[in-house]
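Below is one structure, written out as structure tokens; comments come after it.
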Amino acid sequence: MEAVLIDPTKEGAEKLCLGTVPTPRPADGEVLVEVRAVALSAWEKGFVQNDDPRSLTRRTRRRAVNLGLEFSGVVRSDGRRFTRGQRVMGGPHLTKGEKALAQYVAAPEEYLAELPDTLDFTPAAALPIGAETALTGLDKAAPRPGDSVLVVGASGGVGVYAVQIAAALGADVTAIGGRNSAPRLKELGARTVHSYRDTTFEDLTGTYDVVFDLSGRLHFSQVGKKLTRTGTFVNVNPHKDLAGMAAALFSRRKAPLVYVPHSSTTAQTRILEMVTRGAITPVVEAAHDIAHLRTAFTDLTRNERLGKIIVTWPPD
Ligand SMILES: NC(=O)c1ccc[n+]([C@@H]2O[C@H](COP(=O)([O-])OP(=O)(O)OC[C@H]3O[C@@H](n4cnc5c(N)ncnc54)[C@H](OP(=O)(O)O)[C@@H]3O)[C@@H](O)[C@H]2O)c1
């Protein structure tokens, strides 16, 4: 099959190229999926910007790249839950097994959900991990109608869903996003939008019931001052604030751990149900055919993007 390979002699997006590798064989509990669209997100951005500590660039041989954490496609083998021809979406395991930036991926069935007929592959690929991370964070924070929710990093691949899900729950949503993101974030449900270029977290006055940080820059010690007495700090990068996570154990304010290492059928099904009833909408900044792979990665590293960059594969 065709797959994205890494050429370790090159830099940035230039180190990505197309090549041929063996088609994966699904193990017990997995199905083979013909990939039709893949979302690029923070994981891939870290890879091209070379700040991923797990980057394998020290090796010298060309090899399949360990990227592609959200995909949609068509099942091409019979499993226990899924059969050939079903259209699905899901997200491979962050640290184990194959990723989806290839023509086929062998995916655990328990990670997948079937797409409704009304949802195309490109918007579907924009959902799995971004929406599941937002959903998990908001399940833990459990804002009630009228609660104030601040989403920091609202224009990114997780933030666009955090805004929508919080608004669908009836929360009063304030968003901090990229400079040009205000009109779109308001359409997605934010009542107030600030550009992080003009307004920092420290500049905000008032308190929030929930602060959901996707910028990876906030710590519990600074967020606490802007939380209500029993407010919740949702931190998707807890490894960057271990002291804060520990301090939260002894505080009335909460900082639950959010870790979504792969998608789950249960959450994906809930997300698709929200899409079907119009509570959330997939957010795609741009879609590029696999032939324009490097352009897609260049787009990804550009600031001021809203939502996901998608790479599409033509049908086999
Ligand atoms: N715990 C988990 O299971 C889990 C799962 C998925 C993701 N994550 C983490 O969640 C984070 C967000 O992921 P993502 O896919 O949404 O990334 P993303 O698409 O890169 O979004 C990050 C957003 O933050 C914005 N931003 C940058 N600096 C900011 C600042 N100072 N203040 C406010 N916003 C700022 C960016 O704007 P620009 O485009 O202008 O730079 C971008 O819109 C990443 O750290 C990722 O590793 C964790």
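Bear in mind that the values in this text are calculations on the coordinates, not laboratory data. Every value quoted in this text rests on a predicted model; they were computed, and no experiment measured them. Glycine also receives a Cβ, built like all others from the backbone with ideal geometry; neighbour counts cover every protein chain displayed.
In terms of modelled amide H atoms, which long-range or inter-chain residues lie less than 5 Å from the amide H of residue 260?
Under 5 Å from the amide H of residue 260: no residue qualifies.
Could you list which residues have their amide H under 5 Å from that of residue 18, counting only those 5 or more apart in sequence or on another chain, with H placed in the peptide plane?
Excluding prolines and chain starts, which carry no amide H, the hits are 5.
Once every DSSP H run of n ≥ 4 in the chain is given -39500 (n - 2.57) and the sum is divided by its residues, what mean residue ellipticity at 222 nm do you get, rounded to the nearest 500 deg cm²/dmol?
Theoretical 222 nm ellipticity from helices: -6500 deg cm²/dmol.
Through the Karplus equation 6.51 cos²θ - 1.76 cosθ + 1.60, θ set to phi - 60°, convert the phi angles of the stretch 305-312 into ³J(HN,Hα) values in whole Hz; use x for Gly and Pro.
3J(HN,Hα) across the stretch 305-312, in whole Hz: 7, 10, x, 9, 9, 10, 10, 10.
Antiparallel as a % of all DSSP beta bridges within the chain, to the nearest 5?
Here the antiparallel bridges make up roughly 55 percent for the chain.
Which whole-Hz couplings ³J(HN,Hα) result when phi for each residue of the stretch 269-276 is put into the Karplus expression 6.51 cos²θ - 1.76 cosθ + 1.60, θ = phi - 60°, listed in order with x for Gly and Pro?
3J(HN,Hα) across the stretch 269-276, in whole Hz: 5, 4, 5, 5, 5, 5, 5, 5.
Around residue 79, which amide H atoms from residues at least 5 apart in sequence, or from another chain, sit under 5 Å from its own amide H, with H modelled in the peptide plane?
84
Determine the dipole magnitude for the chain: charges of +1 sit on the beta-carbon of Lys and Arg, -1 on that of Asp and Glu, nothing else is charged, the reference point is the Cα centre, and the result goes in debye to the nearest 20.
About 720 debye.
Could you give the angle, 0 to 90 degrees to the nearest 10, between helix 128-141's Cα long axis and the longest principal axis of the Cα atoms of the chain?
30
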